[in-house]
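The values are calculated or read from the model by the stated rules, or taken from the named source; none is laboratory data. This one's a predicted model, so the numbers in the text were calculated from it and none came from an experiment. Cβ placement follows ideal geometry from the backbone for every residue including glycine, while neighbour counts extend to all protein chains displayed. What goes into the accessible areas is simple: the full protein's heavy atoms, side chains included, and nothing from ligands, DNA or RNA. Shrake-Rupley method; radii C 1.70, N 1.55, O 1.52, S 1.80 Å.
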Amino acid sequence: MREAGIMTGAAVAVDGERIAAVGPQARLEREYRAATRVECAHMVLTPGLVDSHTHAIFGRARYEEQEQRAAGAGYMEIARRGGGIHASVADLRSRTEDDLYALALPRIRRLAAYGSTTIEIKSGYGLSVEDELKSLRVISRLSKAVPMRLVPTWLGAHEIPLEYRGNDELRREYVDLLIHELLPVVVAENLARFADVFCEPGVFTIQETRAILTASRSAGLGLKLHADELEPNGGAELAAELEAVSADHLAAISETGTAALAKSGTVATLLPGTMFFLGRERQAPARALIDAGVPVALATDFNPGTSPTANFPLMLTLGVSQLRMSAAEALIAGTVNGAAALGLVHETGRIAEGFSADLALFDAQDVREIPYWYGDRRCRGTWARGMPCHVREESDNLNFLR
Ligand code: NIG
Ligand code: FE
């Protein structure tokens, strides 16, 4: 992760959806005389950022909880009172598919406006057959409407819905519903590429998580896991055991968890915006993970409860300033390793011949300025599969799209 492979004086040739060549500008200009030219001089072109963890399908915002936490309430305490994920569930269930689509579209465009061209999106605020399918269908419609590459994840196990929380038998019924009623439809309608579970004390246990993910794997889905977010409970170890493509959050990962991930090759997806926004002191041990040889990715966790931001470069800032990563490590975590966390390592996340033409252009002279100007929106344009997602015209001297 130390070497980002920065080039200067380079050009990128795009043919249709793919990168055709990368090399010295003079040579590519000779070879691609007829090409439409996008001037990137005095800027930094990166692979389109890969946001491998979002919960972008939701209804209303939950700003009231931010103040409640500031006044001393814990995240889990708010959830126990019927707020948190439960509040978003009640809200999402009251909305139509069209309504959710109309809310999500500008939100994912906003993600692209900050540099993301590949966006994983989870369901998980429906928690019933009908409402989970509704959420996943919104993602499927969105992917047909935007150039960005959207990767759908089924997170029916985001929370035990209130109506199943009464006793152990009801809990079991919900897990059964996920495995036997919902999963088969998700797979039959090809609505998700991954399954995910919020494995955390107070939410899904290790045993429940193992049951849901094992069934999902048998049904053909890749596996992801919200693991060791707030308290250590063996989530990372389970992700490694099941060969999940990623274990996400990990602010409370144990040493055995780190060792297990290092062996399995599972990507550790760190979400520093979440710990920042929740006001928690402990961030994931990125240095220990990287030093142990675990591939580390960064993502926004964009969601209404714990990380309401579309600003991926801000996650790179937190990666450097709070997780003590180098700028190169943060950039790789937001591109190559994000792609690995989505099983797309041969498709996106690198500017290399044959890769998808997924690119982001930043108003910066040095790649280190991307995490440096924190909170700023320096992204001047994004392209996914060679198509513009977002091009920003209002800059001082940069009317580059001709
Ligand atoms: O990744 N941890 C679980 N899920 C989300 C938060 C969801 C919410 O609070 O709405 C997360 O932080
Ligand atoms: Fe999450």
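Some values worked out for this structure:
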| quantity | calculated |
| --- | --- |
| Subset of region 15-45 (residues that are surrounded by 21 or more Cβ atoms within 10 Å (Cβ to Cβ) and in contact with a helix residue (DSSP H, G or I) (Cβ under 8 Å, 6 or more places away or on another chain)) | 44 |
| Tally of residues being under 22 Å from the mean Cα position of the chain (by Cα) and within 14 Å of ligand 1 (Cβ to nearest atom) across region 88-100 | 3 |
| Residues that are more than 16 Å from ligand 1 (Cβ to nearest atom) and in contact with an Asp or Glu (Cβ under 7 Å, 6 or more places away or on another chain), drawn from region 101-117 | 116, 117 |
| Any hit, region 286-300, residues being acidic (Asp, Glu) and more than 25 Å from residue 203 (Cα to Cα) | yes |
| Only listed residue being in contact with a helix residue (DSSP H, G or I) (Cβ under 6 Å, 6 or more places away or on another chain), surrounded by 20 or more Cβ atoms within 10 Å (Cβ to Cβ) and closer than 17 Å to residue 315 by Cβ, chosen from 111, 49, 127, 100 | 49 |
| Selection count where residues are closer than 30 Å to residue 86 by Cβ, away from ligand 1 (no atom under 14 Å from the Cβ) and in a helix (DSSP H, G or I), scope region 287-334 | 3 |
| Check on residue 72, modelled with pLDDT under 95 and away from ligand 1 (no atom under 14 Å from the Cβ) | no |
| Selected residue (criterion: least open to solvent (accessible area, probe 1.4 Å)) from residues of region 343-377 that are farther than 27 Å from residue 243 by Cβ and basic (Lys, Arg) | 377 |
| Identity of the residue in region 359-393, touching a strand residue (DSSP E or B) at 6+ places or on another chain (Cβ under 6 Å) and in a loop (DSSP other than H, G, I, E, B), that ends up nearest to residue 118 (Cα to Cα) | 385 |
| Some residue of region 134-143 being within 16 Å of ligand 1 (Cβ to nearest atom), surrounded by 21 or more Cβ atoms within 10 Å (Cβ to Cβ) and either of a type outside the set (Val, Ile, Thr) or within 20 Å of the chain's Cα centre (by Cα) (or both) | yes |
| Entirely in region 39-134, the helices (runs of 4 or more DSSP H) that have 1 or more residues that are within 24 Å of residue 181 (Cα to Cα) | 85-93, 97-113 |
| Residue check, residue 350 part of a loop (DSSP other than H, G, I, E, B), over 26 Å from residue 70 (Cβ atoms) and either in contact with a Lys or Arg (Cβ under 7 Å, 6 or more places away or on another chain) or within 16 Å of ligand 1 (Cβ to nearest atom) (or both) | no |
| Residues located in region 294-327, provided they are open to solvent by 20 Å² or more (accessible area, probe 1.4 Å) and more than 30 Å from residue 126 (Cβ to Cβ) | 295, 320, 321, 322, 324, 326, 327 |
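So that you can scan it fast, the table gives a plain yes or no per residue for (1) more than 22 Å from residue 92 (Cα to Cα); (2) within 13 Å of ligand 1 (Cβ to nearest atom); (3) in contact (Cβ under 8 Å) with a residue 24 or more places away in the chain:
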site: 147; (1), (2), (3): yes, no, yes
site: 167; (1), (2), (3): yes, no, no
site: 178; (1), (2), (3): no, no, yes
site: 195; (1), (2), (3): no, no, yes
site: 212; (1), (2), (3): yes, no, yes
site: 245; (1), (2), (3): yes, no, yes
site: 253; (1), (2), (3): yes, no, yes
site: 258; (1), (2), (3): yes, no, yes
